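Below you'll find the structure, written out as structure tokens, and then a few comments.
The values are calculated or read from the model by the stated rules, or taken from the named source; none is laboratory data. Quick caveat, the model's predicted, so the values are computed rather than measured. So basically every Cβ, Gly included, is an ideal-geometry build from the backbone, and we count neighbours across all protein chains shown.
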Amino acid sequence: MFQRTRDRHVLLLTDFDGTLSDLVDNPGEAHLSVDVATEVSAIAKLPRVTFGLVSGRRIADVHARVGSAAAFTAGLHGLEIDAADAEFRHPALEVVRPIVASVVARARMDLAKYPRVFIEDKTYSVTCHVRGVHPDAIETALDRFVEIAAPHVHAGVVKFLAAAEALELLPSTAWNKGRAVNWIRDHLTPRAARALSVVYLGDDRTDEDAFAVLGDDDVAIGVGERPHDPAIDWRLAGPASVGRFFRHLTRLRRHPPDRL
């Protein structure tokens, strides 16, 4: 991987939950460890490296947890993207806003009887988290969430997206993390002083869409046991390993050896 990218501009893109931060029962409690935050800050300052985040969270939520290190931030699986000099908002967002509000209200009422089920309202999407829920209740809780949203799904306005111990309802479009990676790459390429390689890190099935758009000069890094994708070039154990990888990459970019 280091040989593949050593003479190129690196667009380093990473998911947040499960990649930079450990997965937690309540998404509001997720945070970067001190070690990972230090390495993110260091690598984002390197010349010939552009750091960005591609998350299922809202952009403002990601900024609150990572700070200003990212030159690009994609939220809602790429349905919203911010850069210093540009932004993207998918037109489907405002269409689904009242639907999401309705589903959130009903889900919070109906699923309150299931301890540790967490309904995450992201304005334009809603996720039912069942991490930490008693195994006997998980299927029943998710089935009820599906029932609540089913009329809107059948109407073709929204769709379900399965994640690790969670089920999300979001706009029914073909836009995904892969499309977001291409948008960011296309925006950055004319501004990069040399050829560009994408290095993408992710831990979930949604990140497979990003892996799918990577080419021969790019690098796909899976984090944790998932995703199961033949496109993955490397695998790291978890966020702590990601921090160590960033440290190693920073060292090599600052002081490249004569040969790798």
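Looking only at residues of segment 43-94 that are closer than 16 Å to Leu20 by Cα and β-branched (Val, Ile, Thr), we find that the one that is surrounded by the most Cβ atoms within 10 Å (Cβ to Cβ) is Val54.
Checked against the criterion of being in contact (Cβ under 8 Å) with a residue 40 or more places away in the chain, surrounded by 19 or more Cβ atoms within 10 Å (Cβ to Cβ) and closer than 12 Å to Leu20 by Cβ, the candidates Val219, Val242 yield just one match: Val242. Counting the residues of segment 52-93 that are acidic (Asp, Glu) and within 17 Å of Val126 (Cβ to Cβ) gives 2. Considering segment 157-180, the residues that are in a loop (DSSP other than H, G, I, E, B) and not acidic (Asp, Glu) include one that is nearest to the chain's Cα centre (by Cα), namely Asn176.
Among residues of segment 81-92 that are assigned by TED's automatic domain parsing to the domain that holds His63 and under 15 Å from Trp175 (Cβ atoms), those with a beta-carbon under 7 Å from a residue that is surrounded by fewer than 17 Cβ atoms within 10 Å (Cβ to Cβ) and among the acidic types (Asp, Glu) at least six positions away or on a different chain give the pairs Ile81/Glu87. Under the condition of being assigned to a helix (DSSP H, G or I), modelled with pLDDT of 95 or more and within 17 Å of Asp229 (Cβ to Cβ), the residues counted in segment 181-206 number 1.
Please name all residue pairs, on different chains or six or more residues apart, with Cβ atoms under 8 Å, provided the first residue is in segment 1-24 and is modelled with pLDDT under 95 and of a type outside the set (Ser, Thr, Tyr) and the second residue is in a helix (DSSP H, G or I) and surrounded by fewer than 17 Cβ atoms within 10 Å (Cβ to Cβ). Taking only residues 6 or more apart or on different chains, the pairs are Phe2/Leu252; Arg6/Leu252.
Mind checking whether some residue in segment 55-77 is polar (S, T, N, Q) and under 16 Å from Tyr200 (Cβ atoms)? Yes: one or more hits.
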